[in-house]
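What follows is one structure encoded as structure tokens, with my remarks underneath.
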Amino acid sequence: MQAVLFLLNAVVSFFCTLFLLRFMMQALRVSFGGQLGGFVMTLTNWAVKPLRRIIPGIGGFDWASLFAAFMLQLLLAGLLIGASGQPLVADNLTLGLMVGWFAVRSLLRLTVYLFIGALILQAVLSWINPYSPLAAPIYQLTRPLLDPIRRILPTISGIDLSPLVVILLLQALLIFL
């Protein structure tokens, strides 16, 4: 049973990450024209396109993508709590709130991990191949996190320490989540 739950968690986390990435790319005005955008669009259209008929994009945000990620996490949370084998003595409202909070917390953690991964990828690409097709979308994705730190912490001898500072702050945020 643990192997099945592990695989289910991996698949749900993969698709939730893609839905979150689609939401963030649209919110941060990252181009969907490259390989990354095409990959994300292709693997998420099956859920986002039908949801857009019900949930419109408001304020420049793709709420259908975020809703799809939340629903997947909600389903996973319900399955994990149900499969835990622990007797649940709580009423339905408490159980629903517990499952909902678990899903929201998981989405927040996935978002933080997504930003940490993007920052690490951006740093590696800047050393190896700064003209990679992934460099521009990753830069656009991480720029809102890096720019405030760059205003406070200047480059030192040509080395930008802002990604390190942001990763440390995101790790501290993970501790609270």
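What to note about this one:
- Scanning region 135-158 for residues that are among the hydrophobic types (A, V, I, L, M, F, W, C), assigned to a helix (DSSP H, G or I) and either within 21 Å of the chain's Cα centre (by Cα) or surrounded by 12 or more Cβ atoms within 10 Å (Cβ to Cβ) (or both) yields Ala135, Ala136, Ile138, Leu141, Leu145, Leu146, Ile149.
- Pair list, Cβ < 6 Å and 6+ apart or interchain, from region 6-19 residues that are under 19 Å from Ser84 (Cα atoms) to residues that are surrounded by 18 or more Cβ atoms within 10 Å (Cβ to Cβ) and of a type outside the set (D, E, K, R): Val12/Leu72; Val12/Leu76
- Residue identified as of a type in the set (Lys, Arg), in a helix (DSSP H, G or I) and either within 18 Å of Val166 (Cα to Cα) or at pLDDT below 90 (or both) among Arg109, Arg105: Arg109
Here's the yes/no breakdown for (1) touching a residue at least 40 places away in the same chain (Cβ under 8 Å); (2) within 22 Å of Met24 (Cα to Cα); (3) among the aliphatic types (A, V, I, L, M):
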site: Ala83; (1), (2), (3): yes, no, yes
site: Leu95; (1), (2), (3): no, no, yes
site: Val99; (1), (2), (3): no, no, yes
site: Val104; (1), (2), (3): no, yes, yes
site: Gly117; (1), (2), (3): no, yes, no
site: Leu121; (1), (2), (3): no, yes, yes
site: Val124; (1), (2), (3): no, yes, yes
site: Ile152; (1), (2), (3): no, no, yes
site: Ile159; (1), (2), (3): no, no, yes
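- Selection count where residues are modelled with pLDDT under 90 and either in a helix (DSSP H, G or I) or out of contact with any helix residue (DSSP H, G or I) (no Cβ under 7 Å at 6 or more places or on another chain) (or both), scope region 61-89: 12
- Which listed residue is among the small types (Gly, Ala, Ser) and either closer than 17 Å to Pro137 by Cβ or in contact with a His (Cβ under 7 Å, 6 or more places away or on another chain) (or both), from Gly82, Gly60, Gly38: Gly38
- Answer from Leu43, Leu7 - the residue that is under 20 Å from Tyr113 (Cα atoms), loosely packed, with under 12 Cβ neighbours inside 10 Å and not aromatic (Phe, Trp, Tyr): Leu7
The values are calculated or read from the model by the stated rules, or taken from the named source; none is laboratory data. Everything numeric here is computed off the predicted structure, so don't read it as measured data. Virtual Cβ from ideal backbone geometry, glycine too; neighbours counted across all protein chains shown.
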